Amino acid sequence: MRILLCFVMACSTALAQPYPTKPVRIMVGASAGGGTDIIARMLADKFADGLKQPFIVENRPGASNTIAADVTAKAPADGHTLLVATNTAQAIAPHLIKLAYDPLKDVQPIGLIVVVPNVLVLAPNVPARSVQELLALMRSAPAPLRYATAGTGSTQHIAAEAFAKATGTKLVHIPYKGSSQAHIDLISGQVEMMFDTTSSAMGQIKAGRLRPLAVTTPRRSPELPEGPTLAEAGVQGAEMSTWYGLFTTGGTPRPIIERLHAELARALALPDVRARLTGLGGEPGALSVPQFSEMNRAEFERFGRLIREAGIKIDG
């Protein structure tokens, strides 16, 4: 009985230890400089301030952002490995890639960070100034135009394939390991177009290095007020947005999940964070843990249907 009592007391002491007890890593499935990386580093600074431990961003690009998710899924379930992920890794890639983890069980949702539009941007050497001019150029070109993405199975990939299907045109897919790498070839004219997230593309747009034609959401972006939606530009059925969420390892104790969710809510309420996210064209999240978990599952099912109906393959 005494041994059992000592064991219970030891467990209670361990559970009572404040979180976090050591530095926390934030996994990012894309290269440095892209939208996911920008958001993760902003949160890392705010979490470090609030939780009094270093929060260190680790970039693990590749495999449609699933390498970082795989690391998170297999980490100890103690909240010291976090993941900033998008619907690319959580809802799209699982239907295209054989994974060594279950994205709905092995990666635990904490909270929605932000939802951003995707935006159709052109290289500087492409003369089109509207979606209809682009379509005319695509139909008269001797070869299909090339579009860049942050990787096969990304929201950029799905958006471009939906655009091609909706307009009856052909495009050639050129995947990269993140938007920042894709921008290099897009700006230099090695590829002609991209359906990038505004969180990644806004800096290049504002600097005049990429030309925006339209956003792929039902409403215009306040950050691009002159840019029409694709529907306004005459293209129906090609809507796409990208969401960013905070996750950790499945099985992490509920008190840690709630602590992290509260810290995320605190960070998202800060004026400088809200200004930064809205400046990237985004709408900050405001969902509870159960609400975001349900959204994560619903998006997984929705994109599964879309991919099956469109016949999108990993080599697409």
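Solvent-accessible area assigned to carbon and sulfur over segment 66-206 amounts to 54 percent, based on a 1.4 Å probe.
Annotation: lysines with alpha-carbon distance below 21 angstrom to K74 (same-chain offsets under eight excluded): K22, K98, K105. When only the Cβ of Lys, Arg, Asp and Glu is charged (+1, +1, -1, -1), the dipole of segment 183-316 relative to its Cα centre reaches about 260 debye. With both residues required to sit in segment 82-213, DSSP beta bridges show an antiparallel share near 50%. For segment 114-260, averaging the sequence separation of C-alpha pairs within contact (under 8 Å, six or more residues apart) and dividing by the residue count gives a relative contact order of 36 percent. Simple point charges give the picture: +1 on the Cβ of Lys and Arg, -1 on the Cβ of Asp and Glu, and for the chain a dipole about the Cα centre of about 280 debye. Work out, in µm²/s and without decimals, the Stokes-Einstein translational diffusion coefficient of the chain at 20 °C, 1.002 mPa s, Rh from Kirkwood over C-alpha pairs. Here the translational diffusion coefficient equals 106 µm²/s.
For Cα pairs less than 8 Å apart in space and 6+ apart in sequence, what is the mean separation divided by the residue count of segment 187-316, i.e. the relative contact order in percent? This gives 22 percent for segment 187-316. For segment 109-229, a simple Cβ point-charge model (Lys and Arg +1, Asp and Glu -1, everything else neutral) yields a dipole of about 100 debye relative to the Cα centre.
The simple Förster model, with R0 at 45 Å and r as the Cβ-Cβ distance, assigns A262 and A100 a FRET efficiency of 0.90. A 1.4 Å probe run over the protein chains yields, for segment 238-310, 47 Å² of accessible area per residue, whole-number rounding. Remark: segment 53-208 projects, on average over all directions, an area of 10.6 nm² (convex hull of Cα atoms). By DSSP, the beta bridges lying fully in the chain are antiparallel in about 60 percent of cases.
Our estimate of slack between R305 and D272, defined as 0.36 nm per intervening residue step minus the Cα-Cα distance, is 8.1 nm. The convex hull defined by the C-alpha atoms of segment 203-313 has an orientation-averaged projected area of 9.6 nm². Centre-to-centre, using Cα atoms only, segment 132-179 and segment 48-116 are separated by 27 Å.
Contact order for the chain, expressed relative to its length and based on alpha carbon pairs under 8 Å spaced 6+ residues apart, stands at 26 percent. Placing unit charges on each Cβ (+1 for Lys and Arg, -1 for Asp and Glu) gives the chain a dipole about its Cα centre, and among G311, I256, S140 the Cα reaching farthest toward its positive end belongs to I256.
Computed over every Cα-Cα pair of segment 175-256 and binned at 10 Å starting from 0, the pair-distance distribution P(r) comes out as 15, 39, 27, 11, 7, 0 percent. The packing ranking of peptides 223-232, 138-147, highest mean first, is 223-232, 138-147, where packing means the average number of other beta carbon atoms within 10 angstrom of each residue.
Based on DSSP H segments of at least four residues, each scored -39500 (n - 2.57), the chain has a per-residue ellipticity at 222 nm of -13000 deg cm²/dmol.
The values are calculated or read from the model by the stated rules, or taken from the named source; none is laboratory data. Here the structure is a predicted model, which means the values were calculated and not measured. FYI the Cβ positions are ideal-geometry reconstructions off the backbone, even for glycines, and counts take in every protein chain you see. Areas reflect the complete protein model, heavy atoms only, side chains present, ligands, DNA and RNA absent. Shrake-Rupley method; radii C 1.70, N 1.55, O 1.52, S 1.80 Å.
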